[in-house]
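Structure, as structure tokens:
Just so it is clear, none of the values below were taken in a lab; they were calculated from the coordinates. Not measured: the values here are computed from a predicted model. Note that each Cβ is placed from the backbone with ideal geometry, even for glycine, and that neighbours are counted across all protein chains shown.
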Ligand code: NAI
């Protein structure tokens, strides 16, 4: 009975789609005219009943009236803030299981730091952007639902350390199927393995309520933390994958309509679902591969006298290669690159494509090696021992302009130095002391109490550097370039060392002050101003 009704509803929907397929252009024009003229009469503001009626007729054009985003993290929060700011007629609700996170989104202290995010949220929060823990209500009211939950690497069972853990995606899909009583477009925004859309579809189809139809789209997010708002406002492309059916293409059009409020149509790329899913994994793998490529060359530079800056510039000026993502460093971090490459490796292994898996595994191995190499460089040049020595760590976030520390290279460098007995004084302008202790205790497997014998948190860089033997730059925060290193030098133990893991400092100037300077990708120069030659 249920199946019959479903089939009838599906047929009716397909018939509707066939009848209306020639109306698309008109519908689009109609909807954008309405958007332009109707802002003052926004139906959703404080009037759910009116909006529900409007929402139920929304199939007659490409418009979307209500969006729900499941997952208020680094992707869900900023993405929805930008959508809501650019689409004042769309009511956007971001939901999360974490009441604490939602409370922070509703407070003056947002749970994540991104340049320009605060201003946007402050302007539109509680106008057409809402943060809530009432997931059921938001699902029920939405025309379109983004699934933007975390997809970490599996830490148990089959595929441990490789496969993506899709349990949160599955939970979200089951909740949608359980709650929704009218048609929804479900958009997979989380980064997932190829064919995850199929799984979402199966869950929705086999659990759905009578008469409810779903279209599932893949719309991976390409934003980078630290420049998320910029990336969302002016993306290189928007990628939407969907079913190659009339209904699928209508759903794509409706999601596309949302983005067309501020993104030129030619930047919106549509593909089949699998291409979209794989493109996200491939894009992250290519970006990480460039970092590992230049880092592998940095090791050759240190051994030969070539300078990695010069090599990167010469290589990057080739228009076939380009200059971006060629900065040598202590390695990539962040929640995505490693996880997504492992995801790709797992896919290749599952498809019995072992050489493909091995190829991408090397990208991660070089990254691990780079972190270790840097820590060894520090120990070796501090006369072979850092035991009991105070070392200032500048930067704990995985990159500048974010407080995110997930997979930060700084964590690994600190771990190596703590294992050698160093006393670390860590300063980061955005990362909290609690976060640093939590990350290190998880990484090292020791209690935070035990850790406090080796780690102290400084409130500012001068305090971290005072009486230290060495400064280690782990994150490329702009403020590290502007410090008074003459003053810092005067407060440090002698000989004083700087290890620049991000190649951001003026090494000639530092050497003229008297520092011994070591960095990734350059053979250490003998400091003509110092008696201390590098080992
Ligand atoms: P996150 O961990 O910051 O946020 C995910 C949120 O989802 C958490 O707050 C969690 O409580 C919530 N959540 C989990 N299950 C839920 C459920 N059933 N109902 C409601 N809320 C639920 O993760 P982030 O960084 O935002 O990443 C999300 C996805 O986007 C991941 O797949 C990631 O790979 C991808 N991505 C992340 C980027 C980044 O820079 N962080 C960039 C591009 C893609």
Relative intensity, log₁₀ I(q)/I(0), of the range 54-138 from a Debye sum that treats every alpha carbon as a point, q = 0.12, 0.17, 0.21 Å⁻¹: -0.33, -0.64, -0.92
field: Share, in percent, of DSSP beta bridges within the range 307-534 that are antiparallel, nearest 5
entry: 0 percent
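Going by how many other Cβ atoms sit within 10 Å of their own, how do 151, 304, 446 line up, fewest first?
Values: 151 25, 304 9, 446 14.
Ascending Cβ contact count within 10 Å gives the list 304, 446, 151.
If R0 is 25 Å, what FRET efficiency do you get for residue 325 and residue 369 from their C-beta distance, rounded to 0.05?
Numbers: r = 19 Å, r/R0 = 0.74.
Once rounded, the FRET efficiency stands at 0.85.
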message: What percentages make up the Cα-Cα pair-distance distribution of the chain when the bins are 20 Å wide from 0?
response: 20, 48, 26, 6, 0
statement: So, relative contact order of the range 378-442 in percent, Cα under 8 Å, 6 or more apart, is 40 percent
- line: Stretched fully, the stretch from residue 525 through residue 100 gains (0.36 nm per residue minus C-alpha distance, one decimal, in nm) 148.0 nm
- prompt: Going by alpha carbons, how many degrees (0 to 90, nearest 10) lie between the helix axis of 167-179 and the longest principal axis of the chain?
  reply: 20 degrees
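Compute the whole-percent fraction of alpha carbon pairs in the range 307-534 spaced more than 32 Å apart. List each step's numbers first, then the result.
On the way: 5431 of 25878 pairs.
I get 21 percent for the Cα pairs in the range 307-534 exceeding 32 Å.
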statement: Relative contact order in percent for the range 383-518 (Cα pairs under 8 Å, 6+ apart) equals 26 percent
query: Taking every DSSP beta bridge that has both residues in the chain, what percent is antiparallel when rounded to the nearest 5?
result: 5 percent
- prompt: When the C-alpha atoms of the range 257-338 are aligned to their principal axes, what extent does each axis show, in angstrom, from largest down?
  reply: 54, 26, 19
field: C-alpha long axis of helix 354-381 to longest principal axis of the chain, angle in °
entry: 40 degrees
Chain lengthening between residue 282 and residue 160 when straightened (0.36 nm per residue, less Cα-Cα): 41.8 nm
query: What 222 nm value per residue comes from the helices of the chain, counting each DSSP H run with n ≥ 4 as -39,500 (n - 2.57) and dividing by all residues, nearest 500 deg cm²/dmol?
result: -14500 deg cm²/dmol
- line: All alpha-carbon distances of the range 290-412, grouped into 10 Å bins from 0, give the whole-percent distribution 12, 33, 36, 16, 3, 0
message: What is the angle, in °, between the Cα long axis of helix 76-86 and the longest principal axis of the Cα atoms in the chain? Nearest 10 is fine, range 0 to 90.
response: 60 degrees
- prompt: If you wrap a convex hull around the C-alpha atoms of the range 66-263 and split its volume per residue, what is the figure in Å³?
  reply: 122 Å³
message: Counting other beta carbons within 10 Å of each residue's own, what order do 137, 430 fall into, fewest first?
response: 137, 430
query: Could you list log10 I(q)/I(0) for the range 380-460 at q = 0.12, 0.19, 0.23, 0.24 Å⁻¹, which the Debye formula gives when each Cα is one point scatterer?
result: -0.30, -0.76, -1.10, -1.18
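Kirkwood hydrodynamic radius of the range 294-337 from all distinct Cα pairs, in Å?
Every distinct Cα pair counted, the radius reaches 11.2 Å.
Suppose a student asked you for the relative contact order of the chain, using Cα pairs under 8 Å spaced at least 6 residues apart; what percent would you report?
Rounded, it is 11 percent for the chain.
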message: If each residue of separation counts as 0.36 nm, what is the full-extension length gain between residue 466 and residue 107 once their alpha-carbon separation is subtracted?
response: 125.6 nm
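To make sure I understand, if each residue's beta carbon is the centre and we count other beta carbons within 10 Å, what order do 146, 113 fall in, fewest to most? Don't jump to the answer; show the numbers that get you there.
Numbers: 146 29, 113 18.
Listed from fewest to most nearby Cβ atoms, that is 113, 146.
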